[in-house]
Amino acid sequence: MSMHRRDALKLMAGSSAALVVPVQVHSTAPPSPKGQDVTADAIQLGNDRIKVEWHRRDGVWRVSGVSIRTKDGWRDLPGPSGEYGLLNSPTAPADVAVQQGTAGTMEHFWPQRAVQTADGYAFHATLPTGALVAEWRLDPAHPADISVTMTWQPSQTAYYSVPTPALVTLTAAQLKRGLIPGFWSGTTPQSDHDLAYLYGLGVPAEPLTARDRTITTPLALVTTDHDLTLAVVAAPGVARDPWASDVSTHHQWRLGMATSDRRGTFTPIAFHPILGQAGSRVAAGQALTYTFRYVLTDEHWFKVLDHVARDVCRLGRYLELARNARPSPSASRPSSASSAPARPAGAPGPTTG
């Protein structure tokens, strides 16, 4: 597929104009999703374009199949998983450890309970450190997308980061491309930290985490050797707002993206909040909620980038989404009519030019 460089830059840079939807931190857990507990051992969420299947085995729900409908029929992505993770730390780690994917302790788990809701499924997991609920639903406006809302309620106060579940995991041989816009877009695993992170040469073989202040579109993407693409996309408002008020907040770090995990497999991941950063210290009994989406397609990776920038982040509707967060000057000073001194009779008025 051919494209003009200018078009690519517009898509990658312009998506920062997304509607800002604040991430929610509740003093107590929000109401549990209403529905019926699933009694069967197999369930499916899908439409005529995509489908995800779960099977209950050994008391937990695992993803057993992820399929995309192509012009040649249904095709399966390799390595179905559905494993969840949770990062926690008793103290705030150093930024470099977070960036290198070594900070905190990662708990791996699958949910023990599934509830059928009005528009999908809610999966519940109980851990020694708290409880997590993940609500999965299809996006009726975009048939290749699945929206997931994660709610984490810890039982003990600490620093937490909630990564997105690994829908599938790929080996190096199964990987055709890995992409995080603004950081790297490669076709070969790269074991050299500096070449991968600083120069964008190859796909990091280490679990390097990209910062949202440099990510131009909030997605991480992998394409298989059979040209099937999976992307994880953070909802607008999860990443930092570069100018939240009347001072720059560009330095804040609220979203991380990666294309490989700590086990050396390749999968797109979003992390929120970031350990040691704003919003990551959550008190026992509070609850953190954020939303992301999966995109599943056999189209070219640039089509995914275009979809996220235009349809999710709503590039092209900037003037509708933009809002002035700075206080109005007129609110803090008298109007010009009441404060301006009277002009002497016969004096010339203001001129332009």
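Quick check on my filter: what residues within the stretch 266-308 are over 11 Å from the mean Cα position of the chain (by Cα) and in a strand (DSSP E or B)? Within the stretch 266-308, PHE266, THR267, ARG281, VAL282, ALA287, LEU288, THR289, VAL295, LEU296, THR297 meet the criteria.
Please determine whether any residue of the stretch 235-245 is modelled with pLDDT of 95 or more and surrounded by 20 or more Cβ atoms within 10 Å (Cβ to Cβ).
No; the residues of the stretch 235-245 include none that is modelled with pLDDT of 95 or more and surrounded by 20 or more Cβ atoms within 10 Å (Cβ to Cβ).
With respect to the numbered conditions (1) surrounded by fewer than 19 Cβ atoms within 10 Å (Cβ to Cβ); (2) more than 23 Å from the chain's Cα centre (by Cα); (3) farther than 27 Å from ALA278 by Cβ, which one is the sole condition not fulfilled by GLU53? In the conditions (1) surrounded by fewer than 19 Cβ atoms within 10 Å (Cβ to Cβ); (2) more than 23 Å from the chain's Cα centre (by Cα); (3) farther than 27 Å from ALA278 by Cβ, GLU53 misses (2) alone. Just one residue in the set VAL115, VAL66, VAL38 is touching a residue at least 40 places away in the same chain (Cβ under 8 Å), buried (at least 16 other Cβ atoms within 10 Å of the Cβ) and closer than 26 Å to ALA231 by Cβ; that residue is VAL66.
Going through (1) surrounded by fewer than 20 Cβ atoms within 10 Å (Cβ to Cβ); (2) over 27 Å from THR224 (Cβ atoms); (3) touching a residue at least 40 places away in the same chain (Cβ under 8 Å) one by one, ARG75 falls short only on (2). Residues being in a strand (DSSP E or B), over 28 Å from ARG211 (Cα atoms) and among the hydroxyl-bearing types (Ser, Thr, Tyr): count how many of those fall in the stretch 97-148. Number of matching residues: 2. Just give me the residues in the stretch 90-101 being under 21 Å from the mean Cα position of the chain (by Cα) and touching a residue at least 40 places away in the same chain (Cβ under 8 Å), in sequence order. Of everything in the stretch 90-101, those that are under 21 Å from the mean Cα position of the chain (by Cα) and touching a residue at least 40 places away in the same chain (Cβ under 8 Å) turn out to be ASP95, VAL98, GLN99, GLN100, GLY101. Looking only at the stretch 153-176, filter to residues that are over 14 Å from PHE292 (Cα atoms) and among the hydrophobic types (A, V, I, L, M, F, W, C); which one of those is surrounded by the fewest Cβ atoms within 10 Å (Cβ to Cβ)? Here the residue is ALA173. The set of residues from the stretch 149-200 being assigned to a helix (DSSP H, G or I), free of Cβ contacts under 8 Å to residues at least 24 places away in the same chain and not charged (D, E, K, R) comprises LEU195, ALA196.
The values are calculated or read from the model by the stated rules, or taken from the named source; none is laboratory data. Just so it is clear, the structure is predicted and the values come from calculations on it, not from any experiment. For neighbour counting, all protein chains shown are included, and Cβ atoms are generated from backbone atoms with ideal geometry for every residue, glycine included.
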